[in-house]
Amino acid sequence: MSYKIFLFVLIPFILIACFIPERRIYFSWDKPKNTENECDYDFVLSTNMSIIQTERGYLLNTDKEIYYKVGAKKAYNIEDYTYVMNEMISFMSNNRNAILIVEGHADEISKEKLDLNMRLSLQRASVIRDVIVSFGISHQRVKIYPYSYFAPKYSSNTFQNRRVDFVALKCENQLSNYNYYYSNYYSNYYSNNTNFKK
């Protein structure tokens with residue numbers, strides 16, 4: 001008799017659990033993936049790093065910068081370079097969803113040679129990316145973009161414009177917004193500066 005009572009209780013439970021979608025109990029292999037927004041979190045920052053939200057992403061700043069000699073693709077201020085690189089590698093290790101944008105920049109000394117400056121900007125960003133990746137950060141999480149001399153940061157110190165900047169995105173979904181910004185930046189520059197030579 002007791003087994004009839006047991007079945008009487010068990011059968012409705014099975015029907016509710018397995019056949020009514022709103023009440024379905026999922027087994028571990030059938031459980032829906034967590035739909036929480038992977039971009040919805042706060043960055044973990046070291047005490048030496050500050051962050052500024054911009055239209056292209058989150059600009060990462062430390063109290064030191066990486067600079068280059070004219071025509072060079074490797075940094076010359078090695079101590080500051082090591083410091084900044086350690087900060088960026090630590091940032092990427094502590095923020096597992098983050099995408100890091102490495103922006104390469106040149107100065108206006110040879111601005112009539114757009115191809116040269118673009119190539120230098122790309123090489124500077126590439127070297128930085130390769131070093132970060134060598135520390136175990138996925139290649140897919142570090143992107144590079146050359147800016148040539150189009151985005152000077154300083155008006156009076158030319159050598160400081162030969163630099164790299166770092167922009168963080170919270171997840172890969174935000175990369176399309178950065179690409180949109182980048183393409184618009186260049187199209188606006190070209191339309192407003194029609195007298196430069198390639």
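Numbers at a glance
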{"quantity": "Matching residues in the stretch 132-141 - criterion: being closer than 20 Å to ASP80 by Cβ and either among the acidic types (Asp, Glu) or open to solvent by less than 60 Å² (accessible area, probe 1.4 Å) (or both)", "calculated": "ILE132"}
{"quantity": "Filtered residue count, the stretch 147-180, keeping only those that are under 20 Å from the mean Cα position of the chain (by Cα) and either buried (at least 18 other Cβ atoms within 10 Å of the Cβ) or part of a helix (DSSP H, G or I) (or both)", "calculated": "19"}
{"quantity": "Search result, residues across the stretch 66-94 that are at pLDDT below 95 and charged (D, E, K, R)", "calculated": "LYS69, LYS73, LYS74"}
{"quantity": "Members of the stretch 68-80 found to be open to solvent by 30 Å² or more (accessible area, probe 1.4 Å) and either in contact (Cβ under 8 Å) with a residue 40 or more places away in the chain or among the acidic types (Asp, Glu) (or both), listed by number", "calculated": "LYS69, VAL70, GLY71, LYS73, LYS74, GLU79, ASP80"}
{"quantity": "Any hit, the stretch 184-192, residues being hydroxyl-bearing (Ser, Thr, Tyr), at pLDDT 95 or above and loosely packed, with under 15 Cβ neighbours inside 10 Å", "calculated": "no"}
{"quantity": "Only one of ASN86, ASN61 that is part of a strand (DSSP E or B) and either over 19 Å from LEU175 (Cα atoms) or not basic (Lys, Arg) (or both)", "calculated": "ASN61"}
{"quantity": "Residues of the stretch 39-58 satisfying the condition of being in contact with an Asp or Glu (Cβ under 7 Å, 6 or more places away or on another chain) and surrounded by 15 or more Cβ atoms within 10 Å (Cβ to Cβ)", "calculated": "MET49"}
{"quantity": "Positions within the stretch 80-108 being over 11 Å from the mean Cα position of the chain (by Cα) and acidic (Asp, Glu), in sequence order", "calculated": "ASP80, GLU87, ASP107, GLU108"}
{"quantity": "Test: THR54 is of a type outside the set (D, E, K, R) and within 23 Å of GLU172 (Cβ to Cβ)", "calculated": "yes"}
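The values are calculated or read from the model by the stated rules, or taken from the named source; none is laboratory data. The shown structure was predicted, so the numbers you read here are calculated from the model rather than taken from an experiment. Neighbour counts are summed over all protein chains in view; Cβ atoms, including those assigned to glycine, are modelled from backbone coordinates with ideal geometry. Just so you know, the surface numbers come from the protein's heavy atoms only, side chains and all, with ligands and any DNA or RNA stripped out. Shrake-Rupley method; radii C 1.70, N 1.55, O 1.52, S 1.80 Å.
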